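Notes follow the structure.
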Amino acid sequence: MTTANRQILLNAHPKGDLKQSDFRMVDAEIPAIANGEVLIQTLYLALEPAMKGWMENRADYVSPLEIGDVMRGYGTGRIIESRNDRLPTGTIIGGSLGWQEYVVTDGKSLPVNVLPNDIDTPAAMGVLGITGLTAYFGMLEIGKPRAGDTVLVSGAAGATGSIAGQLALIEGCRVVGIAGSDEKCQWLTQDLGFDDAINYKSEDVAARVRETCPQGVNIYYDNVGGEILDIALNNLSDNARVVICGGISRYNLTGAIPGPKNYFNLVYRRSRMEGFIVSDFAKRFPEATAVLQEHLHSGRLKHRETILEGFERMPNALMSLFSGDNIGKLLVHVS
């Protein structure tokens, strides 16, 4: 085994678009483990839009990421050395491993969860990972879908949107997805079972939302913000629920960030708009994971991953997330 632990550090707080110079790769030593600890070799690392907010220290719901810190991120790994009876060698785990090839923990200082043996690792990172949990609590707890509701999902071909839309389908809703290519729209309707899909790059989104949601939108699950949020607000039904999950359209903007132009339609439509942070539901993660796992086994939840090879591709992978290159969960296969 190599004695070097490659790590990618935050080199600069980004301004505007991400750049290679915002990151720095270093070689660190692989630490020896003490009693009660395990050595984990990273297998996959996940990419999330929220990472840019962490780099900018814009997101105040997590501790600041300082210059020189290892980039924060969720990953899966294999325990290759153990002095902990609860976590034997060979166990596959998930946790906030960071952008590094090896990490040491006692399972408490850096909490990890053992992944199920009957689900492949990429699926576990998407459907059973943070994005699946975000979709679960955002749709079911904030959106509160009811059979017959019309649900509109932006960023619908992404890791969170694709699961959120399918959970609404399971609840008996009619679901329309918004995505950025014909291939993505076909995946939504032909593979996932969405009732309709809108290509925001080639279609008139406002006209298509009116066409596909003629009785109005009961739940809008927002992953993008910006102009599409305004269109959704203009098409709400009475007592609608707007779930603010993400705002990828604003992440690369600098200066004053524009807000919704027609938010007062929430008053006219007696509707509610609410944001959330998935970690607020941490005590209920086991409950959600059990439900998501059951849906996976039954085939009611389908998934897709875009997987890039090589640890050194992490910075480019994160940058590509903001250009919409991926379908489903974006992962880097490290080892």
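The values are calculated or read from the model by the stated rules, or taken from the named source; none is laboratory data. What you see is a predicted model, and the numbers here were worked out from it, not measured in a lab. Note: ideal-geometry Cβ built from the backbone for every residue, glycine included; neighbour counts use all protein chains shown. To get the accessible areas, we keep the full protein, side chains included, count just its heavy atoms, and leave off ligands, DNA and RNA. Shrake-Rupley method; radii C 1.70, N 1.55, O 1.52, S 1.80 Å.
Miscellaneous remarks
- Rolling a 1.4 Å probe across all protein chains gives Thr306 an accessible area of roughly 40 Å².
- Value of [θ]222 nm, deg cm²/dmol, for the chain, DSSP H segments ≥ 4, -39500 (n - 2.57) each, nearest 500: -6500 deg cm²/dmol
- Check: the range 136-212 dipole with +1 on Lys, Arg Cβ and -1 on Asp, Glu Cβ, in debye: 180 debye
- Look at (i) 16.7; (ii) 22.4; (iii) 18.7: the one that is mean projected area of the Cα convex hull in nm² derived from this structure is (i).
- Sulfur and carbon atoms: percent of accessible area, the chain [1.4 Å]: 49 percent
- Among the lysines of the chain, pairs at least eight places apart or on separate chains and with Cα atoms under 12 Å apart come to 4.
- A 1.4 Å probe run over the chain, with the rest of the protein chains in place, finds 44 Å² accessible per residue.
- When the chain is described by a simple charge dipole with +1 on each Lys and Arg Cβ and -1 on each Asp and Glu Cβ, the residue from Ala282, Gly98, Gln293 located farthest towards its positive end is Ala282.
- Take each peptide in 322-331, 21-30, count the other Cβ atoms within 10 Å of every residue, and average; sorted highest first, the result is 322-331, 21-30.
- Cut-off under 5 Å, modelled amide H: who pairs with Val242 long-range: Tyr220, Arg272, Met273, Glu274
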